[in-house]
Amino acid sequence: MSKIFEVPMYPYARSADQDALTPVRHPVVVIGAGPIGLGVAIDLAQQDVPVVVVDDNDRVSFGSRAICFAKRPLEILDRLGCGAPMVDKGVTWNLGKVFFDERQIYDFNLLDEDGHKNPAFINLQQYYFEEYMINRVRELQAEGKPIELRGGNKVSAIGTHEDHTTLEIDTPEGPYNLEADWLIACDGANSPTRRMLGLDFVGRVFEDNFLIADTIMDPEMQKNFPTERWFWFDPPFNRGQSVLLHKQPDNVWRVDFQIGWDIDREKELKEENIRARLHQMFGDDAKFELEWTSIYTFQCRRMESFRKGRVLFAGDSAHQVSPFGARGANSGLQDTDNLAWKLRLVMDGTAPDSLMDTYSDERVYGADENILNSSRSTDFITPKSDTSRTFRNAVLDLAEAHDFARPLVNSGRLSVPCTYDGSVLNGPDEGGLPVDLRPGSSAKDAPTKDGWLLDRLGDRFQLLAVGVDIPDTLEDGGITVEALRLAADESPQFAQRYLGEASSAVYLMRPDQHVAARWADYNEAAVIAALKTATGRG
């Protein structure tokens, strides 16, 4: 069993701010040192934006919590400099199986094509995830990057002003005050920041509960369960409910039992009752140990806006979804990916303050997409009427023999990156290029002659040209666009994904590796106009 969560990784240490005669003003303060708070802080620090992270805790999370991390967030983590250790430690999977009663209905492959650096998914306990991000913070500090992590610093009061926020912070040595030009709240589903500002969620709370049991299996038991996602509807070991099984590192298996709404939580969490459930599933002779257990309730909710003046919300503090589909931490990392580059441009004075409104607009759009998919999954998994259950069971029966019914089975539509269709930052779409790389889409990775494409795109505005002559750089309003020239024969996957049937292409890429605009050929005036649009200056 991993014990890293018992060791303070960012222990409280007195800050010079606590001895200042007047509150010290910082460019950015982040509340929360979970994956989302650390993600946005690392992104900003890599761009030389000074950032202070405060957290009332001093160590990584207890228990596995979020475990499924999808391909797009892994690509973001690569850019943040901490993706590789996560993939190395994580359990890689792309195959899933769906069962009804005792029968396997069908299986699926989430990444059935080659030419991708990262896998479809990894499973990794959140405490490892946070440990690797804290290690990255330490690396950046050693490089002289402007990032500070303060454990044992609890924000107890927030004041909002037109051009800054004020914070009162409690520590083991007493309170102190500081100020922030920008405050980013990543303090979780029960966000104290959100409550202190009098803000709330809109959405649904589902009347159901799931029991998590992180189980260390005996080696002989593990032979019966390959590294796949297994989901059961109405299995004999949990009649009328569902069960989900995932493998994690260190021989830990995550089991999620649906247990209904009207429950005795204290009774359900007793070890002997959890063991009884697991023995019913794995057999009376099964040998295992319990690492962590918890009960969670479905919620599909979000804030109306992820911005309130100089306060920005990201991750669970801004939105919540049910865990089926792995959209929690994955969507939170996409929040940070969208937020950091925009904030840097606004702070540099090269983009208007209104650009931060597009952070909220685009990520609310993404949250609504996740909530829609998550709600549909939850409604299918937990039908609310006899009619709904009859329909669901008929779909499952049909899916066993007929391909057409399988897309109707919803055991948790798995996380995919959001395409910002309709965003005010999107520019022209010209040239008859592949539809799944239209403006608003995240870039698709592919092998090139000099490495993976996304590693070469980086975190800046770039003009990706395929079979077209473009200048080395282009500048407008203090923003520089760098050229990345590639040939159609970089790889078959690259040609298929970026050209399709076309013979040439020019893509204007945002710093978060989303497509801003695209054309069949190069036109400087058109590119500059699209750059103005993409930075909120159009």
Worksheet item: Can you name the number of the only condition in (1) touching a helix residue (DSSP H, G or I) at 6+ places or on another chain (Cβ under 9 Å); (2) in the same structural domain as Val49 (by TED's automatic domain parsing); (3) surrounded by 17 or more Cβ atoms within 10 Å (Cβ to Cβ) that Glu173 fails?
Response: (3)
Discussion item. Yes or no: region 255-264 includes at least one residue that is charged (D, E, K, R), at pLDDT 95 or above and buried (at least 17 other Cβ atoms within 10 Å of the Cβ).
Written reply: no
Worksheet item: With respect to the numbered conditions (1) under 22 Å from Ala520 (Cα atoms); (2) surrounded by fewer than 21 Cβ atoms within 10 Å (Cβ to Cβ); (3) at pLDDT 95 or above, which one is the sole condition not fulfilled by Asp450?
Response: (1)
Practice prompt. Pairs only if they're at least six apart or on different chains, beta carbon under 8 angstrom, first in region 482-508 and under 15 Å from Gly432 (Cβ atoms) and assigned by TED's automatic domain parsing to the domain that holds Leu453, second part of a helix (DSSP H, G or I) and among the hydroxyl-bearing types (Ser, Thr, Tyr); list them, first residue then second.
Written response: Ala505/Tyr498; Tyr507/Tyr498
Discussion item. Only one of Val466, Val481 is among the β-branched types (Val, Ile, Thr) and either more than 30 Å from the chain's Cα centre (by Cα) or at positive phi (or both). Can you tell me which?
Written reply: Val466
Worksheet item: Any residue at all in region 46-58 that is closer than 25 Å to Trp182 by Cα, part of a helix (DSSP H, G or I) and of a type in the set (A, V, I, L, M)?
Response: no
Worksheet entry | Lone unmet requirement of (1) over 14 Å from the mean Cα position of the chain (by Cα); (2) under 29 Å from Lys532 (Cβ atoms); (3) in contact (Cβ under 8 Å) with a residue 24 or more places away in the chain for Asn393 | (2)
Discussion item. Can you report the number of residues in region 367-391 which are surrounded by fewer than 21 Cβ atoms within 10 Å (Cβ to Cβ), part of a helix (DSSP H, G or I) and not aromatic (Phe, Trp, Tyr)?
Written reply: 11
Practice prompt. Pull up region 69-103, narrow it to residues that are under 30 Å from Leu398 (Cβ atoms) and either among the polar types (S, T, N, Q) or in contact with a Lys or Arg (Cβ under 8 Å, 6 or more places away or on another chain) (or both), then point me to the one that is modelled with the highest pLDDT.
Written response: Lys97
Practice prompt. Look through region 461-478, keep the residues that are in a loop (DSSP other than H, G, I, E, B) and touching a Ser or Thr at 6+ places or on another chain (Cβ under 8 Å), and return whichever of them is surrounded by the fewest Cβ atoms within 10 Å (Cβ to Cβ).
Written response: Gly478
Practice prompt. For region 138-191, please list each of the strands (runs of 3 or more DSSP E) lying entirely inside it that holds at least 1 residues being basic (Lys, Arg).
Written response: 147-150, 154-160
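The values are calculated or read from the model by the stated rules, or taken from the named source; none is laboratory data. Predicted, not measured: the structure shown is a model, and the values here were computed from it. Every residue, glycine among them, receives a Cβ derived from its backbone with ideal geometry; neighbour counts consider all protein chains shown.
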